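Report on one structure; see the data block that follows.
We did not get these values from a lab; they are worked out from the coordinates using the rules stated. Small disclaimer: the values here were computed from a predicted structure and weren't measured. Cβ placement follows ideal geometry from the backbone for every residue including glycine, while neighbour counts extend to all protein chains displayed.
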Amino acid sequence: MTNFRFLVLLLLFFFCNFSINYSNETEGSAESNNNVNENCENSLQWYEDHPGYKGEFKRVLKYCKNYAKDVSPEGFITNPIISDFGSFSGVNTRPRDTVHQGIDIIGPAEQNVIAVADGKVLEAIVDDCWGATLVVDHGKSLDNKKLITIYGHVGDFVVNENDSVKRGDVIAKLPEKVKHLCMARVRHLHLQIGQQYCGKEEKNNWGCKYFIKDFYNSLNPHLYWADGKNKVTCYEKDKKFEKGTLTYPFECKKKTN
């Protein structure tokens with residue numbers, strides 16, 4: 001019975017992961033491919049400092065270029081997702097021990113990470129494995145779920161604990177160097193949304209290890225984009241967004257043509 005339940009859960013996660021339809025995706029276009037290729041190369045600078053891993057570098061780069069998703073909305077260019085919610089593959093091509101509970105977005109050194117909604121910074125910490133990580137309370141979603149959001153594997157913080165942030169505010173930078181084990185040698189932002197914050201005094205207790213208590217039962221960010229489910233939405237300064245929705249954690253560039 002246990003094996004049967006595991007198989008059912010496995011199939012459900014597989015279905016959820018691969019049934020996502022990015023209606024705003026420009027898959028296959030030259031511009032889309034260039035965006036993916038450029039971000040893949042920029043995110044793998046760890047290998048420049050470790051020339052003995054040339055074989056691994058070639059494998060990871062090929063994987064990134066083949067499987068990273070350009071989710072840029074129409075008229076914009078932004079950072080690709082290399083490991084999506086529900087994925088069984090990590091950013092470094094290796095299989096995960098459990099189903100991915102967030103989205104991993106690649107990018108270059110010191111790129112701005114921006115708030116996905118208004119909120120309050122609960123925690124800013126440099127974890128031994130995760131590296132610099134922010135936890136922000138973004139209030140409640142349209143379906144009344146708490147949006148306790150982890151911004152993992154960043155570099156410098158631009159905000160402090162207890163600061164209030166507005167949607168689109170720069171809150172951190174991607175790291176210049178990839179130094180921590182959980183980053184898996186690939187520069188990326190791990191964005192994950194739970195509903196139960198794990199306070200500092202509760203850390204390292206059973207069920208409360210990584211920032212949120214529902215770490216292995218998190219919300220799918222793709223359900224809460226401001227333009228609708230599975231429609232990645234760019235933050236625009238002069239645009240009004242409905243409370244309880246999310247915008248992408250990276251700035252988007254407008255296409256010139």
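Straight-line cross-link reach from Lys209 at under 26 Å between alpha-carbon atoms covers these lysines, not counting any fewer than eight positions away in the same chain: Lys120, Lys140, Lys145, Lys146, Lys173, Lys177, Lys179, Lys200.
Using only alpha carbons, the chain has a radius of gyration to Kirkwood radius ratio (Rg to Rh) of 0.94.
Only one residue of Val186, Thr233, Ile171 has its Cα farthest out toward the positive end of the dipole of the range 158-257, where Lys and Arg carry +1 and Asp and Glu -1 on Cβ, and that residue is Val186.
The share of Cα pairs per 10 Å bin across the range 55-119, counted from zero up to the longest distance, runs 19, 44, 32, 5, 0 percent. When a/c is below 1.5 the answer is rounded, else prolate if a/b is larger than b/c, else oblate, so apply that to the range 124-257 with a ≥ b ≥ c taken from the square roots of the Cα gyration tensor eigenvalues. Oblate, because a/c is 1.5 or more while a/b does not exceed b/c. Ranked for footprinting exposure by Cβ neighbours inside 10 Å, fewest first, Trp225, Trp46 give Trp46, Trp225. Taking every C-alpha pair closer than 8 Å and separated by at least 6 residues, the mean separation divided by the residue count of the chain gives a relative contact order of 20 percent. A Cα-only calculation for the range 85-150 places Rg and Dmax at 14.0, 36 Å. When the chain is treated as a GNM with alpha-carbon contacts under 10 Å, the residue of Lys231, Lys203, Lys239 showing the greatest mean-square fluctuation is Lys239. Adding -39500 (n - 2.57) for every DSSP H run of four residues or longer, then dividing by how many residues the chain holds, sets the calculated 222 nm ellipticity at -5500 deg cm²/dmol.
Straight Cα distances below 18 angstrom link Lys203 to the lysines Lys213, with same-chain residues fewer than 8 positions distant left out. By the rule of a C-alpha distance below 12 Å, with chain neighbours fewer than 8 residues away ignored, the aspartates and glutamates paired with Lys237 are Asp169, Glu251.
Between Gln101, Gln192, Gln45, find the one with the highest GNM mean-square fluctuation for the chain; connect C-alpha pairs within less than 10 Å. For the chain, modelled as a Gaussian network with Cα springs under 10 Å, the answer is Gln45. All other residues whose Cβ lies under 14 angstrom from that of Lys254 are scored, Lys and Arg at +1 and Asp and Glu at -1, for a net of -1.
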